[in-house]
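Chemist: What follows is a single structure, and I will ask about it in a moment.
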There are 2 protein chains.
Amino acid sequence: MRGDPPCKDPCAGRRQIVTFVRQPTRAGVRDAADKLAKTLPPAPLFTADFKGMTVAFKAESLQPMGAFKVRGAWHRLTALDGDARRRGVVAFSSGNHAQGVAWAAKRLGIAATIVMPHDAPKVKRDATMALGAEVVGYDRKTESREQIAARLAEARGATLVPSFDDPWIIEGQGSAGVEAAWQMERIGLPAPAHVVVPCGGGGLAAGIALALPDARVTVVEPEGWDDMRRSLEASWIEPVGANPPATACDSLQTLEVSPLTFDVLSRRDAQGVAVSEAETAAAQRWAAERLRLVIEPGGAVALAALLAGKVRPEPGLLVVLSGGNVDLDAYARVLAG
Amino acid sequence: MRGDPPCKDPCAGRRQIVTFVRQPTRAGVRDAADKLAKTLPPAPLFTADFKGMTVAFKAESLQPMGAFKVRGAWHRLTALDGDARRRGVVAFSSGNHAQGVAWAAKRLGIAATIVMPHDAPKVKRDATMALGAEVVGYDRKTESREQIAARLAEARGATLVPSFDDPWIIEGQGSAGVEAAWQMERIGLPAPAHVVVPCGGGGLAAGIALALPDARVTVVEPEGWDDMRRSLEASWIEPVGANPPATACDSLQTLEVSPLTFDVLSRRDAQGVAVSEAETAAAQRWAAERLRLVIEPGGAVALAALLAGKVRPEPGLLVVLSGGNVDLDAYARVLAG
């Protein structure tokens with residue numbers, strides 16, 4: 001964490017203790033990038049011109065399972081020793097993280113259990129089960145997925161794989177930044193000077209910040225869910241407020257960021273930007289028409305910030321498109337405008 | 001052409017003379033692939049499992065300008081000598097070929113003139129002009145674009161760049177097959193055993209057939225526009241019939257294939273398959289949901305043939321997704337089903 005809390009700290013009871021947790025490092029990000037390079041082709045990087053500037057777009061939507069989450073899952077699961085691998089992994093997520101963990105577990109022959117709400121979209125449940133993972137359902141209203149997952153992990157001796165509050169996960173996601181820098185150099189673009197990243201829990205943004213120590217970092221969240229922005233401004237973790245507005249960005253609905261991700265971004269003086277639902281929808285349309293990419297709402301917020309003029313085009317601007325898993329009906333409505 | 005026409009040839013007056021035209025060759029395709037490799041990253045290749053078989057998808061929709069057409073344009077324009085380059089190029093197309101020629105011309109500093117109907121979509125007109133090309137309009141009902149283009153080329157001493165009836169264009173498009181074979185080998189897939197390709201004039205299909213001499217070749221067309229299929233069965237070029245049905249596949253509405261493309265495909269015993277509009281729409285939805293790719297109708301017909309069971313999954317199956325330029329409103333309606 002950066003600095004101390006205000007003298008009369010209203011959040012004193014909530015102070016996060018991070019002393020005993022391994023911190024994610026740049027060396028860890030490079031290690032993750034080396035491991036990923038042996039496993040997956042780089043997610044494609046595209047460019048487009050904005051006011052005479054060439055902007056680079058990193059299309060994490062084209063990863064297996066449609067999001068960057070395979071990166072962190074791969075780095076975490078490959079770091080487990082033989083005994084831990086035999087005992088399996090447990091994760092809770094109704095979305096991209098679940099698929100990422102299930103994908104990595106399948107390739108490594110590790111048993112994966114995913115805790116997912118009973119009302120999760122059938123397509124996501126089926127996709128997770130198709131990867132061989134066991135899906136354990138829970139009731140969103142009466143049960144805590146964290147507790148269920150922790151109980152399962154304890155009972156089986158399995159490793160719990162958090163979606164962002166974990167040094168391996170952060171380092172793994174950061175491999176996207178290493179790859180993008182390689183790709184930008186290869187096509188003659190300047191090194192990344194400013195990277196704009198969608199932010200839920202902040203794992204991807206923190207990892208990329210570690211990967212690119214010379215770049216400015218902007219994290220983008222949906223309006224009303226911009227707790228990382230507020231936290232960075234306050235130099236203290238602030239949760240999402242009560243009754244946050246509805247958002248199409250299901251993958252960014254994190255109620256509170258993690259000390260690990262906050263700390264990395266805060267030390268790097270990262271800035272936060274919030275975008276409206278209409279700006280996100282416009283970005284999804286632009287991506288379909290101009291990049292021929294299907295981008296999910298949460299994956300399009302960084303592009304939305306650029307298109308809405310909240311981030312300025314500049315040489316070395318890198319915009320991350322973090323995922324492409326859409327509900328087709330909702331997506332069709334967005335494209336129809 | 002393969003064999004002689006039947007004894008009492010009803011098409012005797014239409015016999016094509018190809019003796020004096022250079023034939024496209026496999027060496028030319030390899031040369032084109034080498035040239036493209038220095039200019040563009042390979043278009044990404046994705047995989048998906050069908051009944052336990054891994055099928056490869058070549059995403060030409062992710063090329064600059066959203067289609068494979070940059071390949072042929074680049075191979076043709078780079079083959080022009082300095083004098084020809086100074087005199088410029090002329091092409092007629094309201095779609096992907098226009099953009100491909102304009103893109104290559106801009107990068108090579110060659111003046112490009114594109115003959116396009118007055119009622120072409122504004123977005124395509126604007127995109128072509130944004131690349132610095134001159135757009136010459138014509139009236140679809142009263143004027144012939146071929147004649148206008150030929151007149152312009154003659155008056156300026158410029159080179160006419162056909163969209164498929166040209167050995168360089170065919171060889172250039174074939175570079176997609178060379179690339180795909182490299183990519184399949186790199187990820188441990190068997191060499192292409194069967195390649196399935198959308199077909200308008202047949203330039204892409206013929207080029208890929210030359211690139212992959214050991215693969216079976218299937219060309220896919222919309223129902224009622226399956227003149228290449230009929231021509232291959234008849235061993236003689238047959239045009240599209242009178243009053244063909246409406247199709248969403250604007251990029252495949254070619255009224256007659258070329259002796260150059262027909263000859264290559266016929267010698268290779270290529271097969272033809274026709275798909276319905278509903279099958280094409282289903283393929284566009286599948287590509288959006290499963291590959292997170294925006295694919296235009298004409299670009300999705302080969303995938304449609306696979307999904308409809310008209311092409312069987314097998315080891316080494318390669319399916320080409322040839323373009324991704326959609327009208328957003330029409331695309332939204334397709335996704336909404």
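Bear in mind that the values in this text are calculations on the coordinates, not laboratory data. Just so it is clear, the model here is predicted, and its values are computed rather than measured. No Cβ is skipped: glycine too gets one built from the backbone with ideal geometry, and neighbour counts run over all protein chains shown.
Chemist: At 7 Å along Cα-to-Cβ for each site, give me the label-to-label distance between residue A:276 and residue B:151 in nm.
Modeler: Spacing of the two 7 Å Cα→Cβ label points: 5.0 nm.
Chemist: Round to the nearest 0.05 the FRET efficiency obtained for residue A:122 and residue A:26 when R0 = 30 Å and r is the Cβ-Cβ distance.
Modeler: Numbers: r = 41 Å, r/R0 = 1.36.
Given R0 = 30 Å and the Cβ-Cβ separation, E is 0.15.
Chemist: Between residue B:329 and residue B:267, what length comes free when the chain is fully extended (0.36 nm per residue of separation minus the Cα-Cα distance, one decimal in nm)?
Modeler: Details: separation 62, 0.36 × 62 = 22.32 nm, distance 4.11 nm.
So the extension gain works out to 18.2 nm.
Chemist: Pop a pseudo-label 7 angstrom from the Cα along the beta-carbon direction at both residue A:336 and residue B:214 and give the gap in nm to one decimal.
Modeler: 5.0
Chemist: Quick check for me: using +1 on Lys/Arg Cβ and -1 on Asp/Glu Cβ, what's the dipole size of the protein assembly as shown about its Cα centre, in debye to the nearest 20? Provide the component values of the computation, followed by the final result.
Modeler: Numbers: 78 positive and 76 negative charges, 205 e Å.
With Lys and Arg at +1 and Asp and Glu at -1, about 980 debye.
Chemist: Something else: List the lysines whose Cα sits under 27 Å from the Cα of residue B:122, skipping any in the same chain fewer than 8 residues away.
Modeler: By straight Cα distance, residue B:122 reaches A:51, B:69, B:106, B:141.
Chemist: Which whole number gives the average, over all residues in B:327-334, of C-beta atoms from other chains lying within 10 Å of the residue C-beta? Mind showing how you got there, number by number?
Modeler: On the way: counts 1, 7, 3, 1, 5, 9, 3, 2.
The shielding value for this peptide is 4.
Chemist: Further question: Sort shortest first the distances from residue A:157 to its counterpart in every other copy, using label points 7 Å along the Cα-to-beta-carbon line, and give them in nm.
Modeler: Shortest to longest, the spacings are 8.4 nm.
Chemist: For residue B:81, which inter-copy label distances result when the label point lies 7 Å beyond Cα on the Cα-to-Cβ vector, reported in nm to one decimal and in ascending order?
Modeler: Values, ascending and in nm: 7.3.
Chemist: While we're here: Listed highest first by mean packing, meaning other Cβ atoms within 10 Å per residue, what order do B:237-248, B:165-176 come in? If you can, show how the numbers build up before the last one.
Modeler: Numbers: B:237-248: 14.6, B:165-176: 28.5.
Listed from highest to lowest mean packing, they are B:165-176, B:237-248.
Chemist: Moving on to the next point. Would you calculate, for chain A, the mean residue ellipticity at 222 nm contributed by helices, counting each DSSP H stretch of 4 or more residues as -39,500 (n - 2.57) and dividing by all residues, to the nearest 500? Before the final figure, lay out each step's value.
Modeler: Numbers: 13 runs with 133 residues, N = 337.
Only helices count here, giving -11500 deg cm²/dmol.
Chemist: Right, next: What net charge is computed for the residues neighbouring residue B:184, neighbours being all others with C-beta under 14 Å from the C-beta of residue B:184, Lys and Arg scored +1, Asp and Glu -1?
Modeler: On the way: positive: B:58, B:186; negative: B:179, B:185, B:214, B:314.
Within the 14 Å Cβ shell, the charges total -2.
Chemist: Stretched out fully, how many nm does the piece from residue B:185 to residue B:87 gain, at 0.36 nm a residue minus the Cα gap?
Modeler: Values: separation 98, 0.36 × 98 = 35.28 nm, distance 4.18 nm.
Gain on stretching residue B:185 to residue B:87: 31.1 nm.
Chemist: Provide a whole-number value for the mean count of partner chain Cβ atoms within 10 Å of the Cβ atoms in peptide B:280-292.
Modeler: So the per-residue partner count for this stretch is 4.
Chemist: While we're on this one: Assuming a ≥ b ≥ c are the square roots of the Cα gyration tensor eigenvalues, decide whether the protein assembly as shown counts as rounded (a/c under 1.5), prolate (otherwise, with a/b larger than b/c) or oblate.
Modeler: On the way: a/c = 2.28, a/b = 1.82, b/c = 1.25.
Here the protein assembly as shown falls in the prolate category.
Chemist: Please say if segment A:70-160 is rounded, prolate or oblate, where rounded means a/c under 1.5 for a ≥ b ≥ c the square roots of the C-alpha gyration tensor eigenvalues, and otherwise the choice is prolate for a/b larger than b/c and oblate otherwise? Mind dumping the intermediate values first?
Modeler: Values: a/c = 2.11, a/b = 1.32, b/c = 1.60.
It comes out oblate by the Cα gyration axes.
Chemist: Another question about this same structure. Could you check the spin-label model distance between residue B:144 and residue A:107? Points 7 Å from the Cα along Cα→Cβ, value in nm.
Modeler: Each label point is offset 7 Å from its Cα along the Cβ direction, giving 5.6 nm.
Chemist: Moving to a separate point now. How many nanometers, to one decimal and shortest first, lie between the label point of residue B:239 and those of its other copies, if labels sit 7 Å from Cα toward Cβ?
Modeler: 7.3
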